[in-house]
Structure formats: structure tokens, C-alpha cells
Amino acid sequence: MARDLSETMGGKYPASLHAPLCEDFQQVPFTRIEVDGSGCIVPESEAAAVIAGLGDEEYSVSTVHLTQDQFDRLPESAGF
């Protein structure tokens, strides 16, 4: 099966270790929080704590669907 890189969302995220039709290719929702053009991706369960730590800063929130291995291979966030 040929793969395209649509799962990387245009190269924004690492490719999954599993092909999209593989039974192990399970995308789950994560939360992307962006402040002044800088963003980080956190598990949905941690999003409220990160947002609470922003104080009065303006931010935007979106949901991205990644496999767990894609999330695990993202670079560590250096903060906003």
C-alpha cells in the first residue's frame, strides 16, 4: 500500500509508525494551544492546567488528531 503524508498535516507533525489502514493506527485528540504565534500540543487532560497558567495572555485552542507515537516524537515545548 502506498502512503501519502496527509497524516502529517502537511509536514507539521512526524509521520506515524503505522500506516493509516493498519489496526494500530489509532488517532486520538490532543489540544494545541497557541500564544503569540508559538504553540504547544498537550493531552486533552492537561489543557486546562496549561491554560490556567497563561493568566491574562490571549491564546487560541484547537484540536489535532495524532497517533500516540506521533505525539511522543514531537519536540519538547520550550514554552510560549
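The values are calculated or read from the model by the stated rules, or taken from the named source; none is laboratory data. What you are looking at is a predicted structure, and each value in this text was computed from that prediction instead of being measured. Cβ: placed from backbone, ideal geometry, glycine included. Neighbour counts: every protein chain shown.
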Considering residues that are within 14 Å of Tyr13 (Cα to Cα), exposed (fewer than 14 other Cβ atoms within 10 Å of the Cβ) and of a type in the set (S, T, N, Q), the number found within region 24-71 is 1
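In this structure, does Pro43 turn out to be touching a helix residue (DSSP H, G or I) at 6+ places or on another chain (Cβ under 9 Å) and at pLDDT 85 or above?
So Pro43 fits the description; yes.
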Here the qualifying pairs (Cβ atoms under 8 Å; residues six or more apart or on different chains; first in region 36-48 and on the phi > 0 side of the Ramachandran plot; second outside any helix (DSSP H, G or I) and basic (Lys, Arg)) come out as none
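A quick yes/no check of all residues on (1) on the phi > 0 side of the Ramachandran plot; (2) at pLDDT 95 or above; (3) touching a helix residue (DSSP H, G or I) at 6+ places or on another chain (Cβ under 7 Å); (4) not aromatic (Phe, Trp, Tyr):
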residue	(1), (2), (3), (4)
Ser6	no, no, no, yes
Ala15	no, no, yes, yes
Ala19	no, no, no, yes
Asp24	no, no, no, yes
Asp56	no, no, no, yes
Ser62	no, yes, no, yes
His65	no, no, no, yes
Arg73	no, no, no, yes
Phe80	no, no, no, no
Selection from region 60-69 of residues among the polar types (S, T, N, Q) and under 8 Å from the mean Cα position of the chain (by Cα) yields Thr63
Restricting region 26-40 to residues that are more than 14 Å from His65 (Cβ to Cβ) and at pLDDT 90 or above, the one farthest from the chain's Cα centre (by Cα) turns out to be Asp36
